[in-house]
Structure formats: structure tokens, C-alpha cells
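See structure below.
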2 protein chains.
Amino acid sequence: MSGRYLEDFTVGQTFGSGRLRIDAERAKAFAAEFDPQPFHLDEEAAANTLFRGLAASGWYTAAVTMRLLVDSELKPAGGIVGAGFEELRWPRPVRPGDVLRVESEVLEVRPSRSRPEQGLIKVRTTALNQNGEAVQVFVGNLIVPSRTAGGA
Amino acid sequence: MSGRYLEDFTVGQTFGSGRLRIDAERAKAFAAEFDPQPFHLDEEAAANTLFRGLAASGWYTAAVTMRLLVDSELKPAGGIVGAGFEELRWPRPVRPGDVLRVESEVLEVRPSRSRPEQGLIKVRTTALNQNGEAVQVFVGNLIVPSRTAGGA
């Protein structure tokens with residue numbers, strides 16, 4: 001796998017992505033399998049809930065965001081391997097027909113003290129809809145190999 | 001929707017779930033759609049990665065965990081509606097054949113100052129494999145209606 005090594009990342013770097021449209025039927029099928037609640041399954045039932053209309057499961061939004069991130073310009077060598085998240089939120093609902101993209105920003109770059117062959121980068125990834133409104137924000141740490149690991 | 005209101009939750013309550021087995025083909029199909037990286041797609045390619053064998057995408061684990069949670073005894077009135085997470089991590093890989101269950105514990109119960117009809121509960125949800133090892137931990141805040149909202 002090619003891609004960026006720890007030494008190639010710097011604080012403040014940003015990476016964009018392509019776009020994916022949220023399809024109502026796919027979002028409902030995902031919800032039927034993983035998050036079967038009325039506001040994710042059925043337009044009519046959703047109208048009388050907190051969401052006031054059908055909203056994609058947050059976990060569907062997370063999955064779509066991951067797909068955009070994997071295909072984005074971020075491309076750490078060794079792949080996108082999350083060590084954990086410090087924050088994950090959905091500031092507004094995702095609706096069928098929304099077109100999502102992601103923007104990632106590098107917040108920290110930390111070599112590992114105990115394992116010189118790798119380090120962590122802290123990245124804020126924001127998923128935005130077609131109006132430029134944030135629909136998901138997460139701040140996570142990714143494990144990235146060092147160039148000195150011999151991979152390059 | 002019936003279920004528990006804010007007044008029905010107390011700090012320290014715990015809730016269990018049923019069990020779901022991780023199927024290799026389903027985990028790979030999920031990865032092909034949302035997280036197409038070698039360590040989630042193909043046993044042979046995965047052997048030479050950080051994961052040393054096929055591992056489910058963390059987002060597949062998150063989705064399966066949500067399904068277990070929706071079907072669990074937690075059952076807030078109005079459904080499981082996440083306001084955001086403070087922590088989400090995957091302490092160890094999920095492998096095909098693993099059998100997952102979740103345990104949730106109520107950490108805080110907070111009425112809303114501005115919206116008396118609802119409040120937040122902070123819940124730690126741990127997904128465990130068949131050996132009782134944690135494979136995912138998240139701490140999140142759920143929006144829960146008050147009984148005084150008139151729903152009961």
C-alpha cells in the first residue's frame with residue numbers, strides 16, 4: 001500500500017473528498033438492519049418524532065463518511081486505522097437526497113515513544129451537506145506508520 | 001412508543017442485550033460498501049497488516065452494537081436518539097465468528113434547564129465478545145423525554 005507516512009503529515013493540513021448522495025431506500029434498508037426505529041424507517045411515522053421527517057441513522061452517516069474518507073486524499077500509508085475517537089456528533093439530521101462530502105484537518109502529529117515505527121495523527125473530519133452545513137463531526141486518532149519503518 | 005422516561009433512569013442502572021454472531025461474508029460486504037480496506041475485505045491480504053487477519057470494520061461493529069442496543073432493555077421512550085459521543089474506541093479487533101453482546105450503564109441523568117419536556121442521560125455502552133473482552137466502548141448522551149411531557 002502506498003500513501004502518506006507520519007513524516008508527511010503536518011498540523012493544519014486539510015484534505016477534501018468526493019461526494020455521495022443519500023438514497024432514501026438504501027438509508028431505510030441500513031436502518032432496518034442496524035437501527036430499526038420509526039424515524040429512520042418510514043416517512044409518515046417519522047413526521048411525528050423529534051426529527052420531523054425521515055432522517056438517516058447516524059451510523060449510516062458515519063458509514064458513508066468513512067467511505068468518503070477512505071476515497072479521499074488523506075491516504076495514510078497502511079490505511080485508515082482508527083485508534084479511537086474523542087468526539088462524535090451529528091449537529092443536524094441527514095435527509096434523503098442530501099449530498100455529502102467530507103473535509104479533514106490534521107490537528108496533531110505525534111510520533112510514538114514506545115514504537116518508533118509508527119505514530120498518531122489527530123484528525124477532525126467534518127461531513128457537510130449540499131448547503132455546506134455540518135451533519136457529522138468527529139475528532140479521532142489514526143495510527144500511521146513512520147517512513148523509518150522501512151516501508152518507503 | 002412506550003418505554004422509559006427520564007424519571008425512570010437512575011445513575012448506576014445497567015441493561016443487557018441479546019447476542020449477534022459476526023458473519024464473515026456480511027462483514028466483508030459491509031466493508032466493500034463503506035470501508036474498502038484490505039484488512040476488512042480479504043483474509044490473505046489482512047494477514048500482513050496491523051490486524052494480522054481479517055477484522056470487521058469498526059463501523060460495522062458500531063452498527064451491530066446499535067442493533068443490539070435498540071433491541072436491549074434500555075428502551076428510552078421516544079427511541080434511542082444520540083446527541084453525541086464523548087468517546088468511542090475499539091480496544092480489540094472483531095473477528096468473523098465472534099458473538100457480540102452489549103452492556104449499558106447509566107452514568108448521569110440530567111433534566112434540561114431550557115426544555116423541561118426532555119433531558120439527557122449519559123450512558124456507557126460496552127460491546128463484548130464471547131470471551132467477555134471489550135471490543136467497543138462508547139460513552140454517549142441520549143435525549144430522553146420527561147414523563148411530564150405528557151407522554152405517559
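The values are calculated or read from the model by the stated rules, or taken from the named source; none is laboratory data. These figures come from a predicted structure and were not determined experimentally. In this analysis, Cβ positions are derived from the backbone assuming ideal geometry, glycine residues included, and neighbour counts consider all displayed protein chains. Remember, those area values only see protein heavy atoms, side chains included, never the ligands or the DNA or RNA. Shrake-Rupley method; radii C 1.70, N 1.55, O 1.52, S 1.80 Å.
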Check the range A:8-22 and report whether any residue there is more than 9 Å from chain B (Cβ to nearest Cβ) and in a helix (DSSP H, G or I). yes
Looking at the range A:42-80 only, could you name the residues that are open to solvent by 30 Å² or more (accessible area, probe 1.4 Å), more than 7 Å from chain B (Cβ to nearest Cβ) and assigned to a loop (DSSP other than H, G, I, E, B)? A:Asp42, A:Asn48, A:Phe51, A:Arg52, A:Asp71, A:Glu73, A:Lys75
Expected single match for surrounded by fewer than 20 Cβ atoms within 10 Å (Cβ to Cβ), facing another protein chain (nearest Cβ under 10 Å) and of a type in the set (Lys, Arg) among B:Arg147, B:Arg89 is B:Arg89
How many residues does the range B:112-136 contain that are surrounded by fewer than 16 Cβ atoms within 10 Å (Cβ to Cβ) and at pLDDT 95 or above? 5
Odd one out for A:Ala63 among (1) touching a strand residue (DSSP E or B) at 6+ places or on another chain (Cβ under 7 Å); (2) closer than 27 Å to A:Gly3 by Cβ; (3) not basic (Lys, Arg): (1)
Output the residues belonging to the range B:1-59 that are in contact with a strand residue (DSSP E or B) (Cβ under 6 Å, 6 or more places away or on another chain), basic (Lys, Arg) and under 23 Å from A:Ala63 (Cα atoms). B:Arg19, B:Arg21
Note down all Cβ pairs under 7 Å where the first residue falls in the range A:24-40 and is open to solvent by 40 Å² or more (accessible area, probe 1.4 Å), the second is among the aliphatic types (A, V, I, L, M) and modelled with pLDDT under 95, and they're at least six residues apart or on different chains. A:Pro38/A:Ala45; A:Pro38/A:Ala46
Determine which member of the set B:Arg101, B:Arg92, B:Arg113 is of a type in the set (Lys, Arg), in a loop (DSSP other than H, G, I, E, B) and in contact with a strand residue (DSSP E or B) (Cβ under 9 Å, 6 or more places away or on another chain). B:Arg92
Looking at (1) of a type outside the set (D, E, K, R); (2) more than 14 Å from chain B (Cβ to nearest Cβ); (3) crowded, with 19+ Cβ neighbours inside 10 Å, which is the only condition A:Pro96 fails? (3)
